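Novice: One structure coming up, written as structure tokens, with questions to follow.
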Amino acid sequence: MRRHGREAALAIAAAVLLAAALLRPLSWSPQAMPRYVGATASMDNADRDLNAWILAWTARAVQVPGAGLFDGNVYFPSRNVLAGSETMLAQLPVTATAWRLSESAPAVLLAQVAWGLAGTALAVYLLARACGGAPWVAALAAAAVAIEPGRLNRLGLADGLAAQPQYLGFQWAPLAMAAAVAFARGRRVAGFAGTAAALALQALACFYLGYYAFLAVPLWAASLWSSSAPPGRRARAWLAAGATAALAALLVLPVALRYLDARASGVLRAQDPGLVRLGSLPAVGIAGAFAWIGPLPFLLAAAGLVALALGRDRDARDESSGGAIAAATLVAAAGFVLALGPDVEVGGRRLPLPHAWLAAIVPGFGVLRAPLRALSFATLGASLAGALLLGRVGRRWPAGLRAAAAALGIATAMLWIGRHRVPIEPSPLADALPPVHRWLAAQPVTGGVLEVPGAVAEEDLGGLVREARAMLHSTVHWHPIVNGYTGYPPAWGELAKSLAHRLPERDALQSLVNLAPVSRVILHRRALGDAGADAWEREARSAGLVERARFGDDVVYDVTLAPERDWRAAPNAPAATTTLEGTALAPLAPGCAAGAIDAEFPAEMRVALGARSVPVSVANRGDCRWPGLAVRPEGLVVVRVSWPDVPDDAKPPGIRSRLPRDLPAGESARLDAFVLAPRATGIHRLRIEIAQEGGEGPPIAAVERDVTILPARPRAPLAVPGGGSQGAGGGASAGATE
């Protein structure tokens, strides 16, 4: 017993030191946050802010009665906002404790990341020991999985730490596998319950890894249990493994219902197969797979195969680990097959793979857009099988040689990914916190707060950086804010951003207060520039905004308009058949679909994250009113942009721009079309059109013009309210549930 206690203490100490080394100097910098560098730095940092908000919100919400865990305080007044992203609820014992001690979002983020690294190392160590591996064997397997490059940063290639801490929380799947080992060794009740509970916790820790765990862990359990069962009872092992998955699903059900509700409301949508293919193993090739997995699992697998070929002197302990080796190999194979994505091309035809089959039959599986993440199970299975096989021949090695092998393997993993220090920056919630947020923290909650400017749409990556920073700042004051950024935004988000962009127009503010009890607007002058901010302030009073306080470049306005229409239920209502103003959302009759559009085309644009506003004038020349003002876009007449001559791999997302109101026949409206530059320099054709969203017919009207696309400015600064600037780079991909 004393020996086991010493081993446990050493394992815990080693795991903590491993995490501290990988996180240096963040480990001892409590007033700092990780900073991401490279072409996608701005969106990586936005994801960091988003995840810090998620962790802080959930940690606080479980300790504050009535906080509304899944509602959040963003995208106000939307409900069930958290179902559009990861929740990391399995980590609450750690994150809630960190919040209670610090009330600091950066501290909670650091606690989750450190626990993810150390906890994964400990869980894999325990699994390998449960399978009969010696301590040095278990240490090798633990290092290979815990220091997997693909979970630590983007494809294992970037410096620093991943912006998505949910993928670091990989400790529960190996714990479920260890519980399955206990079941195989006769501890039936504890093993069965432990497998189901840990499997459920993996789903609650990470949406992606949870789905893949629901396949990999039952495969492990069924293979392990059937290998030790009498021939006539092996089918029961598969039934028992299915029962553990069913029990785990039952445990997850209260949370899963929230996601199913978001799916039913159209927030969570099945992914385009083309996008899923881009996130699959064939898109990155063997080199990408090696970079993701890192050298140590490959070395362990190779050493294990050599050990298998040379091993002739098996004893009873060899046989006891044989079932685990076979089961681990099955897990590795499952991870690899899932990472291949929905299909493969053979002879000009696409053959569907298990990922596509599961997307067709498992609720929510089709939302997964990066099958490459299943490689984490390939890493886990290959590392465990290789280490256990190596342990067979290494059992006869001198103690010094075994220790040297373990040290060399761990050093290889550390040097591959941990040779870089984590880039850090001062926390935007410490000394750099804008005074306006300290002031807001002292004010009573009287309604929602809107910070402008934000993003003009969910595709406006530059604006989403500001939205994410507003979310992070809200962890200081916790007022509900209209701003928001997440992988799958609520239906209200698009209309909210459209109305916010039009401020300080009075009718936009009136529509906003008709829809939501917004009491304050915060103007960040620096993000608009002096000329734009001065014009904004000149129009604010006539719009119904009265200055309340001023903090340098940040101005707080009280909203004085009262609601004129009761639309408060609309942001959370199901799809309607009419607009907020009563116009039918049915397809336009032929006589209605007539109009004209004029646009002030730019002569040139630069490749950038942010969207450019292009003023347009839209005229309704039909014989009926066009639908324009509704929460959901389906059926609305909108303005859309495209680049017809740009190759698909360089095309930016198209942004839908909304009319300011329902547009009667014979009237016109001015609005902004939002344009993202393509990632292809030269002269390209920009097309701007009026169309009914969801309609199958031709556009109502369209105009086109050639625009010169210039290269991005190197490291162009992107203003973040209260947070300095971030390098914009030339392109990025958004999405915290990727």
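The values are calculated or read from the model by the stated rules, or taken from the named source; none is laboratory data. Because the structure is a prediction, the values reported are computed rather than measured. Note that each Cβ is placed from the backbone with ideal geometry, even for glycine, and that neighbours are counted across all protein chains shown.
Novice: What residue, of I424, I522, is over 18 Å from R568 (Cβ atoms), β-branched (V, I, T) and at pLDDT below 95? Explain how you work it out, then say what you get.
Specialist: Details: I522 fails: at pLDDT below 95.
Being over 18 Å from R568 (Cβ atoms), β-branched (V, I, T) and at pLDDT below 95 holds for just one of I424, I522, which is I424.
Novice: Which is surrounded by fewer than 19 Cβ atoms within 10 Å (Cβ to Cβ) and of a type in the set (A, V, I, L, M, F, W, C), of A527, A531, A599? Walk me through it before giving the result.
Specialist: Details: A527 fails: surrounded by fewer than 19 Cβ atoms within 10 Å (Cβ to Cβ); A599 fails: surrounded by fewer than 19 Cβ atoms within 10 Å (Cβ to Cβ).
After ruling out the rest, the residue left standing is A531.
Novice: Residues that are farther than 29 Å from W567 by Cβ and at pLDDT below 95: find the strands (runs of 3 or more DSSP E) completely inside region 631-719 holding 3 or more of those. Spell out how you get there, then give the answer.
Specialist: Values: elements: 637-642, 668-675, 682-692, 701-710, 717-719.
In region 631-719, 717-719 are the strands (runs of 3 or more DSSP E) which contain 3 or more residues that are farther than 29 Å from W567 by Cβ and at pLDDT below 95.
Novice: Next question. Tell me, which residue of region 613-643 that is basic (K, R) and in contact with an Asp or Glu (Cβ under 9 Å, 6 or more places away or on another chain) is surrounded by the fewest Cβ atoms within 10 Å (Cβ to Cβ)? Steps first, please.
Specialist: Start the filter on region 613-643 by keeping residues that are basic (K, R), which leaves 621, 625, 632, 640.
Now drop any that are not in contact with an Asp or Glu (Cβ under 9 Å, 6 or more places away or on another chain), which leaves 625, 632, 640.
Working: R625: 21, R632: 20, R640: 18.
Looking at the filtered set, the residue picked out is R640.
Novice: Going by the conditions given, is S657 touching a Phe, Trp or Tyr at 6+ places or on another chain (Cβ under 6 Å) and in the same structural domain as L710 (by TED's automatic domain parsing)? Give the derivation first.
Specialist: Numbers: touching a Phe, Trp or Tyr at 6+ places or on another chain (Cβ under 6 Å): yes; in the same structural domain as L710 (by TED's automatic domain parsing): yes.
Yes.
Novice: Looking at region 677-713 only, could you name the residues that are hydrophobic (A, V, I, L, M, F, W, C) and either touching a helix residue (DSSP H, G or I) at 6+ places or on another chain (Cβ under 8 Å) or within 14 Å of G622 (Cβ to Cβ) (or both)? Give the derivation first.
Specialist: The first filter runs over region 677-713 and keeps only residues hydrophobic (A, V, I, L, M, F, W, C), leaving 677, 680, 683, 686, 688, 690-691, 700-703, 707, 709-710, 712.
Matches in region 677-713: A680, I690, A691, I700, A701.
Novice: Can I ask one more? Among (1) surrounded by 24 or more Cβ atoms within 10 Å (Cβ to Cβ); (2) of a type in the set (A, V, I, L, M, F, W, C); (3) in contact with a Leu (Cβ under 8 Å, 6 or more places away or on another chain), there is one condition L215 misses while meeting the rest; what is its number?
Specialist: Exception for L215: condition (1).
Per-residue answers, yes or no, for (1) modelled with pLDDT of 95 or more; (2) under 15 Å from P633 (Cα atoms):
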site: G544; (1), (2): yes, no
site: R550; (1), (2): yes, no
site: D554; (1), (2): yes, no
site: T560; (1), (2): yes, no
site: A569; (1), (2): yes, no
site: T579; (1), (2): yes, yes
site: L585; (1), (2): yes, yes
site: A589; (1), (2): no, no
site: D598; (1), (2): yes, no
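Novice: Of the residues G279, G294, G285, which is in contact with a Gly (Cβ under 9 Å, 6 or more places away or on another chain), at positive phi and modelled with pLDDT of 90 or more? Don't jump to the end; show me each part of the working.
Specialist: Details: G279 fails: at positive phi; G285 fails: in contact with a Gly (Cβ under 9 Å, 6 or more places away or on another chain).
Result of the check over G279, G294, G285: G294.
Novice: Looking at region 577-622, which of its residues are more than 23 Å from F674 (Cβ to Cβ), of a type outside the set (G, A, S) and in a strand (DSSP E or B)?
Specialist: Listed by number, the list holds a single entry, T578.
Residue by residue, here is whether (1) out of contact with any Gly (no Cβ under 6 Å at 6 or more places or on another chain); (2) not aliphatic (A, V, I, L, M) holds:
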residue: L429; (1), (2): yes, no
residue: P435; (1), (2): yes, yes
residue: T446; (1), (2): yes, yes
residue: V449; (1), (2): yes, no
residue: E458; (1), (2): yes, yes
residue: G463; (1), (2): no, yes
residue: R469; (1), (2): no, yes
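Novice: Could I ask something else about it? Only one of (1) farther than 18 Å from A378 by Cβ; (2) crowded, with 24+ Cβ neighbours inside 10 Å; (3) not hydrophobic (A, V, I, L, M, F, W, C) fails for R151. Which number is that?
Specialist: (1)
Novice: Taking the options L509, L503, name whichever one is surrounded by fewer than 23 Cβ atoms within 10 Å (Cβ to Cβ) and aliphatic (A, V, I, L, M).
Specialist: Details: L509 fails: surrounded by fewer than 23 Cβ atoms within 10 Å (Cβ to Cβ).
Result of the check over L509, L503: L503.
Novice: A further question on this structure: Take the residues of region 165-195 that are farther than 12 Å from A130 by Cβ, crowded, with 24+ Cβ neighbours inside 10 Å and of a type in the set (A, V, I, L, M): which is modelled with the lowest pLDDT?
Specialist: The qualifying residue modelled with the lowest pLDDT is L168.
Novice: Does region 589-609 hold any residues that are farther than 30 Å from V465 by Cα and touching a Gly at 6+ places or on another chain (Cβ under 7 Å), and which are they?
Specialist: At the first step, the residues of region 589-609 found to be farther than 30 Å from V465 by Cα are 589-598.
The answer is G591, C592, A593, A594, G595.
Novice: May I ask you to list the residues in region 410-438 that are crowded, with 16+ Cβ neighbours inside 10 Å, part of a helix (DSSP H, G or I) and touching a strand residue (DSSP E or B) at 6+ places or on another chain (Cβ under 6 Å)?
Specialist: Once the filter is applied, which keeps residues that are crowded, with 16+ Cβ neighbours inside 10 Å, part of a helix (DSSP H, G or I) and touching a strand residue (DSSP E or B) at 6+ places or on another chain (Cβ under 6 Å), region 410-438 yields only V436.
Novice: I've got another one for you. Can you spot a residue in region 384-392 that is more than 30 Å from A262 (Cβ to Cβ), under 29 Å from the mean Cα position of the chain (by Cα) and touching a residue at least 40 places away in the same chain (Cβ under 8 Å)? Write out each step before concluding.
Specialist: Restricting attention to region 384-392, the residues satisfying the condition of being more than 30 Å from A262 (Cβ to Cβ) are 384-392.
Add one more test, that the residue is under 29 Å from the mean Cα position of the chain (by Cα), and what stays is 384.
Filter again for touching a residue at least 40 places away in the same chain (Cβ under 8 Å), leaving 384.
Yes: one or more hits.
Novice: Please identify the pairs in which a residue from region 285-309 that is within 16 Å of A143 (Cβ to Cβ) has its Cβ atom under 6 Å from the Cβ atom of a residue that is β-branched (V, I, T), counting only partners at least 6 apart or on another chain.
Specialist: From residues that are within 16 Å of A143 (Cβ to Cβ), the pairs are I293/T379; P295/T412; L296/T412; P297/T379.
Novice: Among the candidates A59, A67, single out the residue that is of a type in the set (A, V, I, L, M), outside any helix (DSSP H, G or I) and over 30 Å from A387 (Cβ atoms).
Specialist: Numbers: A59 fails: outside any helix (DSSP H, G or I).
Only one candidate qualifies: A67.
Novice: Kindly indicate whether A245 is assigned by TED's automatic domain parsing to the domain that holds L384 and either in a loop (DSSP other than H, G, I, E, B) or touching a residue at least 24 places away in the same chain (Cβ under 8 Å) (or both). Spell out the reasoning first.
Specialist: Working: assigned by TED's automatic domain parsing to the domain that holds L384: no; either in a loop (DSSP other than H, G, I, E, B) or touching a residue at least 24 places away in the same chain (Cβ under 8 Å) (or both): yes.
Against the criterion (assigned by TED's automatic domain parsing to the domain that holds L384 and either in a loop (DSSP other than H, G, I, E, B) or touching a residue at least 24 places away in the same chain (Cβ under 8 Å) (or both)), A245 does not qualify.
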